[in-house]
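Since every read-out is calculated from the coordinates, none of them should be taken as a lab result. Please read all numbers here as calculations on a predicted model, not as lab measurements. Using ideal geometry, Cβ is built from the backbone for each residue, glycine included, and neighbour counts are taken over all protein chains shown.
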Amino acid sequence: MLTTLFKGLEDDSMQTATSDLKGYQRKYLRALAHRIKPLVLIGQKGLTDLVTAACEDALDRHELIKIKFIEGKGKSDKKLVLEGLQTTTGAHFVGMIGHTVIFFRQNSDPAKQKIALPLRPSNADEDDAV
């Protein structure tokens with residue numbers, strides 16, 4: 001799945017960053033992100049303190065954000081910026097389509113959480129229902 005999202009840019013660090021979200025949860029988040037506009041734009045300077053602060057603020061307010069690369073960066077440059085954002089913000093990589101990236105970080109305050117991730121029942125629960 002990550003191979004189709006990154007088209008050959010998979011890396012151990014990217015896989016561990018997405019391992020906390022299951023595939024069906026990423027699919028759900030991508031569907032929610034379809035209707036939102038990019039909140040953070042990354043230009044030719046790449047990952048700066050201002051970009052990181054804007055991502056932190058957007059994640060605190062919205063939990064699910066889109067980030068758009070407005071300069072034609074190469075795949076390796078985008079990968080470095082994404083890894084830096086994941087490290088500094090603690091957000092989960094959801095997906096990437098073209099020059100737009102989707103990140104998710106659930107709010108630590110349960111009262112401010114806007115998105116509830118879907119959960120699948122375990123096999124033990126299904127056996128009890130039969």
Exercise for the section: Measure off 7 Å from each Cα along the Cα-to-Cβ vector at Lys22 and Ser76, then give the distance between these two points in nanometres to one decimal. Expected result: 3.8
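Sorted by packing (mean other beta-carbon atoms within 10 Å per residue), highest first, where do 33-46, 73-86, 95-108 land?
Numbers: 33-46: 14.0, 73-86: 16.1, 95-108: 17.7.
Packing order, densest peptide first, comes out as 95-108, 73-86, 33-46.
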Fill in the blank from the handout: Per principal axis, largest first, the Cα atoms of the stretch 23-107 extend in Å by 32, 24, 21
Problem - Under 24 Å from Lys75, Cα to Cα: lysines that are on another chain or at least 8 residues apart - result: Lys7, Lys27, Lys37, Lys45, Lys66
Problem - 14 Å beta-carbon shell around Glu71, net charge (K/R +1, D/E -1) - result: +4
